[in-house]
Structure formats: C-alpha cells, structure tokens
Amino acid sequence: MTLFKGAPGAKGLSASTGRPARAWAGFGAAAVALFALAPLALSDFRLGLLAKYLCTAMVAVGICLAWGRGGLLTLGQGVFFGLGGYAMAMHLKIADAGPGNLPDFMQLYGTATELPWWWRPFGNPLFALAATVLLPMAVAAVLGSFVFRRRVKGAYFAILSQALAAAFAIWLVGQQATTGGTNGLTDIQGFFGYDLDDPVNQRMVYFVIAAVLLLLIALVRQLIHSRYGELLVAVRDSEERVRFLGYDPANVKLVAYVVAAGTAGLAGALFVPAVGIISPAMIGIVPSIEFVIGAAIGGRASLAGAVLGAIGVAWAKTALSEEFPAGWTYFQGLLFIVALAFLPGGLVSLAGIVRRRRAAPALPLGGAA
C-alpha cells in the first residue's frame, strides 16, 4: 500500500537521503543571511522593517502546512495574528503604565478607574506569553471542531474564516474604551524591561524574531515529513478513502489548522515589539488575504517558497505602495491571480519546470511519430 508511504526504489532512496543535506544547507544559509549579513548590510530602520517582514513569514509557515499540504484555504489568519498581537500588547501596555495605573488610552477614552477583569491576567508575563500562542490555538480548536466535523470545506471554509476575521476586527473597533478602537494599542515603549527606543534593544528584538522563525520552520518541516504529514496530504487528495481506512479526517485537518493558528499568534505577538502597535487594520480581511497571497506567490506547498514569498510581498508592499499608493492593491491582486492560474506551485516551482523541459526529448520537425 502506498497511500501513506512512498514506494521503495532507487529514485525515492536518493531523494530521501539527499533531502536532509539540502535542508541543513538551507538552514545554514538562512542563519548566515539573517544573523550575519542582514545586520551588517542594513541600517537600523531597514532591519526593523525586515523584522516586520519575518513576522509575516511566520504566518506563511502555518499557511504552508494548512493550505499547501492540507488544502485548507485559511483566509482568516488575521484573527489568530490579532489574538497573539493583542495578548502581547495588553501586557506591554500594563507594564508601561506601571503598578496601579491604567494604560494611557483608557485614561483618555474610558471612565473606568481600574483595569477590566479580562485585562488583569495579562499583567502576568508568563500568562501573557502563553496566551499569545494558546489563545489562538484554543479558538482555532473550537472553530475547527465545529467546521470540520460538519464536513465544511473548500470555498465555504474560506468564506467562513474570512467572515470571522471581519467580525473580530469590527468587534475591536467597537470596544474603544478597552481595546483602543480604531487606533488599537499604540505607543508601546518597553519589552519585558527593555526600552524599545534603544537601537540595541531593537536589534535584540530582530534577533529574537529571526531565531523564532527558523525554529518554526524546523518544527513544521518535521511535522510535514512525519507520518502525520503524509496523512494530511492523503486527506487532502482523497478524504473518503482515508475515512474508509479508519482515520478521522476532521482530526487530521484540525491539527493543521490549530498549528497554523499558533504560528500566526506567535507572529502577532512578536510583531508588536517590532512595530510598536497593533490595530484592527492589521488583522482584518485585507491583511488575512495578504498573508495568503505571499504564500501563494512564493509557493504554498514549499516552506522555503512560502517564507520567501511572504517576505517578498511584504517588501514590495512597503516599496511600491510608497510610489503607487492607489495601484498597489490592484497589482497585488493581479499577482495572486497570475500565480494561481499560471503557476500553481508558485515561483519556487519555476526551477523544476525548467529542469523538466530541458530533460524532455526534443520532437522531430515532423512531429511525434
């Protein structure tokens, strides 16, 4: 049976033995680029922008697992990104305010004399750190259990996840006294005792983000190449056959969805000290679509492609939107359409296409015999 395990053979053996070597070489090159070349070549401002792009790449790692391997078009990753971001920002705002004081926006917009009850646990740094990952994963587990057990999939799942992102952003805007409303949580000055205005500390935040990204890539790659990863692909390609063999496809898809939510939540948490703000504009429908666009253009089935695509699209948004503020959104949408229509494997698949065309025997002028 070859449903979950590749058939033996010389070609498969050489591919499996060469895969770890290529992976280690890729990790080494990425580590050198992120920890040595980038800090030397980029100014503090550009390095801060790269930290922001790397947070986007973390979301793409989860999208690669859920969509690229599991076929789950997750158009609501902004929800989990926002949950992680707000959990971190709430703790940092409480720390900035000092013991017994309210965050600045509550003094400006609200009438409360003490922290709301649901804010108080985030004053504990351990609780806040755990919440940045566990809260998005818990929400994804509840939503995923409801959706997957009712066999909602395809476009219906994508629309439902997108509607969740819109509802979450609208709720945040309406809670101005406790969430900052449209402005969000801004002017974050410290990060666990470190002053974020200090360039040295900003570089420290960058190194933390780069290290977490590499760790997430390693963990998700291990998951992809495990037996579970093979089962996830089998569910994507033939869900009914997997169910006939005794597996529950709902549980298989739920794991991928929850892991993707956790990576997005962690990305949102690290985005806050990198940028100093989190707001509904960063977590609604548009940002959720942008996360997917980056992974699709780079190559949603490849971790390297999804990560590089997310970084490239985020960089292009910053660079091109300054020159073409009205046209960037249309150009981004066009890129997404072209990638899905003409290059489903993303830019990372171009090398394979070129190799196959070079290896294909040339036909005689008269055509095939």
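Looking at the stretch 244-285, which of its residues are touching a Gly at 6+ places or on another chain (Cβ under 9 Å) and aromatic (F, W, Y)?
Those that are touching a Gly at 6+ places or on another chain (Cβ under 9 Å) and aromatic (F, W, Y): Y257, F271.
Would you check if A210 is under 22 Å from the mean Cα position of the chain (by Cα), small (G, A, S), crowded, with 20+ Cβ neighbours inside 10 Å and within 21 Å of K52 (Cα to Cα)?
Values: under 22 Å from the mean Cα position of the chain (by Cα): yes; small (G, A, S): yes; crowded, with 20+ Cβ neighbours inside 10 Å: yes; within 21 Å of K52 (Cα to Cα): yes.
The answer is yes for A210.
Can you name the number of the only condition in (1) of a type outside the set (S, T, N, Q); (2) modelled with pLDDT of 90 or more; (3) surrounded by fewer than 17 Cβ atoms within 10 Å (Cβ to Cβ) that A177 fails?
Every condition holds for A177 apart from (2).
Table: residues versus (1) at pLDDT 95 or above; (2) farther than 18 Å from A211 by Cα; (3) not in a helix (DSSP H, G or I).
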residue: A29; (1), (2), (3): no, no, no
residue: F45; (1), (2), (3): no, yes, no
residue: A51; (1), (2), (3): yes, no, no
residue: L54; (1), (2), (3): yes, no, no
residue: A57; (1), (2), (3): yes, no, no
residue: G68; (1), (2), (3): no, yes, no
residue: L73; (1), (2), (3): no, yes, yes
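I'd like to check something: does the stretch 186-207 contain any residue that is closer than 29 Å to M90 by Cα, part of a strand (DSSP E or B) and among the acidic types (D, E)? Break it down into steps so the answer makes sense when it comes.
Narrowing the stretch 186-207 to residues closer than 29 Å to M90 by Cα: 186-207.
Going one step further and asking which of them are part of a strand (DSSP E or B), we end up with 190-191, 194-195.
From what's left, among the acidic types (D, E): 195.
The answer is yes; a qualifying residue exists.
Could you count how many residues in the stretch 315-337 are more than 29 Å from Q176 (Cβ to Cβ) and buried (at least 19 other Cβ atoms within 10 Å of the Cβ)?
As a first pass, look at the stretch 315-337 and keep what is more than 29 Å from Q176 (Cβ to Cβ): 315-316, 319-320, 322-324, 326-328, 330-337.
In the following step, the residues that additionally are buried (at least 19 other Cβ atoms within 10 Å of the Cβ) were identified as 332.
Selection size over the stretch 315-337: 1.
Looking for something closer than 30 Å to Y156 by Cα and buried (at least 24 other Cβ atoms within 10 Å of the Cβ) - is there at least one such residue anywhere in the stretch 92-102? Don't jump to the end; show me each part of the working.
Here is the first cut: in the stretch 92-102, the ones closer than 30 Å to Y156 by Cα are none.
No: zero hits.
Just to check your reading of the model, which residue among G71, G85, G78, G62 is touching a Pro at 6+ places or on another chain (Cβ under 8 Å), under 30 Å from Y156 (Cβ atoms) and either buried (at least 22 other Cβ atoms within 10 Å of the Cβ) or touching a residue at least 40 places away in the same chain (Cβ under 8 Å) (or both)?
That would be G78, the only listed residue that is touching a Pro at 6+ places or on another chain (Cβ under 8 Å), under 30 Å from Y156 (Cβ atoms) and either buried (at least 22 other Cβ atoms within 10 Å of the Cβ) or touching a residue at least 40 places away in the same chain (Cβ under 8 Å) (or both).
Quick one: how many residues across the stretch 271-298 are surrounded by fewer than 22 Cβ atoms within 10 Å (Cβ to Cβ) and not in a helix (DSSP H, G or I)?
2
Kindly indicate whether L135 is on the phi < 0 side of the Ramachandran plot and modelled with pLDDT of 95 or more. Break it down into steps so the answer makes sense when it comes.
Working: on the phi < 0 side of the Ramachandran plot: yes; modelled with pLDDT of 95 or more: yes.
In short, yes.
Could you check the stretch 169-210 and list, in sequence order, the residues that are within 30 Å of G305 (Cβ to Cβ) and touching a residue at least 24 places away in the same chain (Cβ under 8 Å)?
At the first step, the residues of the stretch 169-210 found to be within 30 Å of G305 (Cβ to Cβ) are 169, 202-210.
Across the stretch 169-210, the qualifying residues are A169, Q202, R203, V205, Y206, F207, V208, I209, A210.
The values are calculated or read from the model by the stated rules, or taken from the named source; none is laboratory data. Note that the structure is a prediction, hence the values are computed from the model and not measured. Backbone-built Cβ (ideal geometry, glycine too); neighbour counts: all protein chains shown.
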